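Single-structure report; data block below.
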Amino acid sequence: MDKIYRDQIKRASISVALNIAEGAGRFSKADKRNFYVVARGSLAECVAILDLLQSEEIISSEKYKTFYFKAEEISK
């Protein structure tokens, strides 16, 4: 995998985890929601990168599907 893709997906996936954690630590619903919205946006970024990786045949369709279904679960 290209270093640029690897770095970008690493940053986006870390952002997902950290924003979920920070949102869980907030008390007001508005604060929680804001962090969860950012986490979902970062998750969408991860999926977009996976789309590119699949279209460039860097990852297989099977691996893409596995990651995509995991992303769906996380977004719920």
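Got a number for carbon plus sulfur as a percent of the chain's accessible area, 1.4 Å probe?
Of the solvent-accessible surface of the chain, carbon and sulfur hold 59 percent.
Determine the per residue accessible area of the chain with all protein chains present and a 1.4 angstrom probe, expressed in square angstrom.
That works out to 72 Å² per residue.
For every helix of n ≥ 4 consecutive DSSP H residues, a contribution of -39,500 (n - 2.57) applies; sum these over the chain, divide by its total residues, and give [θ] at 222 nm rounded to the nearest 500 deg cm²/dmol.
So the calculated ellipticity at 222 nm is -29500 deg cm²/dmol.
Show me 20-26, 43-49, 70-76, 10-16 ranked by packing, highest mean number of other Cβ atoms within 10 Å first.
43-49, 10-16, 20-26, 70-76
So what is the orientation-averaged projected area of the chain, using the convex hull of its C-alpha atoms, in nm²?
4.7 nm²
Any idea how far apart LEU52 and GLU22 come out in nm if each label point goes 7 Å out from Cα toward Cβ?
Result: 2.3 nm between the two label points.
Which loop-located chymotrypsin sites (Phe, Trp or Tyr not before Pro) does the chain contain, where loop means any DSSP state but H, G, I, E or B and the Cβ has at most 15 other Cβ atoms within 10 Å?
For chymotrypsin sites (Phe, Trp or Tyr not before Pro) across the chain that sit outside H, G, I, E and B with at most 15 neighbouring Cβ atoms in 10 Å, the list reads PHE27.
Testing the spin-label approximation: label points 7 Å from Cα along Cα→Cβ at LYS70 and ILE4. State their distance in nm.
Calculated label separation equals 2.4 nm.
Give the angle, between 0 and 90 degrees and rounded to the nearest 10, that separates the Cα long axis of helix 29-55 from the longest principal axis of the Cα atoms of the chain.
Computed tilt is about 0 degrees.
The values are calculated or read from the model by the stated rules, or taken from the named source; none is laboratory data. Worth saying up front: this structure is predicted, and the values here are computed from it rather than measured. Positions of Cβ are generated from backbone atoms using ideal geometry, with glycine treated the same way; all protein chains shown enter the neighbour counts. Note: accessible area is taken over every heavy atom of the protein model, side chains too, but ligands, DNA and RNA are not part of it. Shrake-Rupley method; radii C 1.70, N 1.55, O 1.52, S 1.80 Å.
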